[in-house]
1. Can you give me the number of residues within region 444-463 that are under 17 Å from the mean Cα position of the chain (by Cα) and assigned to a loop (DSSP other than H, G, I, E, B)?
2. Which one is surrounded by the most Cβ atoms within 10 Å (Cβ to Cβ), of the residues in region 362-390 that are in a loop (DSSP other than H, G, I, E, B) and touching a Lys or Arg at 6+ places or on another chain (Cβ under 9 Å)?
3. Among the listed residues Asp414, Asp418, Asp430, which satisfies the condition of being over 27 Å from Tyr545 (Cβ atoms) and surrounded by 15 or more Cβ atoms within 10 Å (Cβ to Cβ)?
4. How about region 39-84: which of its residues are of a type in the set (S, T, N, Q), closer than 24 Å to Glu256 by Cα and not in a loop (DSSP other than H, G, I, E, B)?
5. Going by the conditions given, is Asp345 under 15 Å from the mean Cα position of the chain (by Cα) and surrounded by fewer than 18 Cβ atoms within 10 Å (Cβ to Cβ)?
6. Here is a list of conditions, (1) of a type outside the set (S, T, N, Q); (2) touching a residue at least 60 places away in the same chain (Cβ under 8 Å); (3) part of a strand (DSSP E or B), and Ile96 meets all of them except one; can you say which number that is?
7. Listed residues Met291, Met305; which is within 16 Å of the ligand (Cβ to nearest atom), under 15 Å from the mean Cα position of the chain (by Cα) and in the same structural domain as Gly257 (by TED's automatic domain parsing)?
Amino acid sequence: MIGKTFARTAAAAAVLLTGGLLFAQSAPATLTIHADQPQHAVSPTLYGLMTEEINYSYDGGLYAEMVRNRTFQSNWNGISDWYLLEDGNSAAKMDIDKTTGPSAALTHSLRIDVEKADAHNPAGVLNVGWWGMPVHANTAYKGSFYAKAGSADLGPITISLVGNESGKVITSTTVSGVGTGWKQYEYTLKTAAVPTSSENHLVFTVGHTGTLWLSLVSLFPPTYHNRVNGNRIDLMEKMAAMHPAFLRFPGGNYLEGNHINERFEWKKTIGPLVDRPTHPSPWNYHSSDGMGLLEFLEWCEDLHMQPVLAVYAGYSLMHDHIEPGPALEPFVQDALDELEYVTGDTSTRWGAIRAQNGHPAPFKLTYVEIGNEDWFDQSGSYEGRYAQFYKAIKARYPQLQLIATAPVKSTRPDVIDDHFYVRATQNFHDATHYDKTDRNGPKIFVGEWATREGTPTPNFGAALGDAAWMTGMERNSDIVIMASYAPLLVNVNPGGMQWESDLIGYDVLKSYGSPSYYAQVLFGSYLGDHTLASKVESTGDKFFYSVTRDTAKKQIYLKLVNAASTPQPVTLYLPGAKLASTARLVTLSAHDTQSTNTLANPERIVPVDSTLNNVSNHFTHTMPAYSIQVIVFNEQ
Ligand code: AHR
């Protein structure tokens, strides 16, 4: 066993025999930082977020809607997530009615025929939510639904949140006066001092015979910034802590869809929810499109991020593509309309529609991505498709920076989007990936990257791989202008995950950050505005670092990664730097690469703050085994 440990660390380790015990630590690294020699600027947009509808990221995730399948999609198994309720001796049946719905977009509905019911024996339907429904004490839940009745004497609808185990009503209200034409009704469910719970469901019942049609049944808890149709507070707060500079949306594969008619059609995701037809997503579930184009933009606004908007570029995942030329023109026009919706003032056609949708002020946009992972397009059409989009967009918006998702020759893209899904070892070897990249070529956007180790969320070994990789991006952030980990979110309930190793996990009630999440929090919190000249000597192959300065704050940020199983002494030289004698030290570490956070143990691995005393221009600092650290030096 000892021999094995020694062999693994021999290249970088010194072995000390003390009192018969064997201690190993990595050979000391010598790191010289020239605080008086700024190198290049650090891209202020280096760290951002990438998002798409995957792993129940929006529906059943960030988008706070509590009702699952609110527009009644059905399959061979019935009407997903809705069940008939026949209390006492009541009798009823339910079915999808394809002949009636509240709008041109929602043309079907749920029909409930109540054959026998009274006030003590009500009948109706229940919805199970996204693996439950969250209930907190003293909280107002705001709901709405579209309904019509077969006749005006149906009586009131009773709406309740009910505990799954107890069967007890937690809170209840009634809505009266449902007429014979489609209309939207609103309701509020207020809780008293009830225990926090997730095992609850929502019930709609009537105590009278008759027919009731329902559509777009909705219920929201309080949301971030109290937005109507808004986002979960805990998840927004977790993202805010990452200090993201941008949001790349709406995908990812979600942009493309499996087939052309299943792409993210932005025009069908704006305006009142009742006018959004919903669509199948490539990740095997149906999207409510409650998170539409404007909601993405408002998410950016709430977290002070700039949008990095991906426009559909004529390729879908099952290898459907549109040939460049006249056939592609409608898609190019659609992208131009989308850019006008985002950036146009209210005198423009689409800017005016955005104002009607509730947001008169245009959004600032710099980066537009043409497609997603178009290297999958074996037809070779991306060359022509990119050129066609590029020409049309630049003609109207010359200031926009256009991102290519695959190599193109005839047009020089402003930015190239690189994707990396790798193991930690690969990131250790490849942390120098961009060191030799041609500085005269397009800028680089690492639009999707992750160390994929750990499921559903990455473990500490993955966080070490991530941190090593981030030191490389930071060192090269003159050319790597943006980077975003993917996927960002995962619902950890059984069946919730389609892609392993996702940054933030949650169920309907709680959420947690993975070790990789906290590595991102550290790197995003201590970005700096320029790199400093530095040199490392006599270190092993599992030590990585990056050094930047924040000019305004007069602070130097030294990020250190020790991916070895032994402590790493680092002798630091900072010639000429005027440093305060204490520095802040933030440490993220674990005893094993397999150690991780979970919903039940969300804070096993979190950053720990401490103070480094006796800081000078020459001192030795020893990093723990398996650790990621930031030393924040204060300059005088
Ligand atoms: O992040 C998951 C998927 O990986 C994205 O949808 C796609 O762009 C990539 O292949």
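1. Here the count works out to 5.
2. Gly371
3. On inspection, the qualifying residue turns out to be Asp414.
4. Residues satisfying the conditions are Ser74, Asn75.
5. The answer is no for Asp345.
6. Status for Ile96: all satisfied but (2).
7. Of Met291, Met305, the one residue that is within 16 Å of the ligand (Cβ to nearest atom), under 15 Å from the mean Cα position of the chain (by Cα) and in the same structural domain as Gly257 (by TED's automatic domain parsing) is Met291.
Residue by residue, here is whether (1) modelled with pLDDT under 95; (2) crowded, with 16+ Cβ neighbours inside 10 Å; (3) of a type in the set (D, E, K, R) holds:
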| site | (1), (2), (3) |
| --- | --- |
| Asn127 | no, yes, no |
| Ala152 | yes, no, no |
| Ser172 | no, no, no |
| Glu186 | no, no, yes |
| Asn200 | no, yes, no |
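The values are calculated or read from the model by the stated rules, or taken from the named source; none is laboratory data. Since the structure is predicted, the reported quantities are computational estimates derived from the model, not experimental observations. Counting neighbours? That spans all protein chains shown, and the Cβs are built from the backbone with ideal geometry, glycine included.
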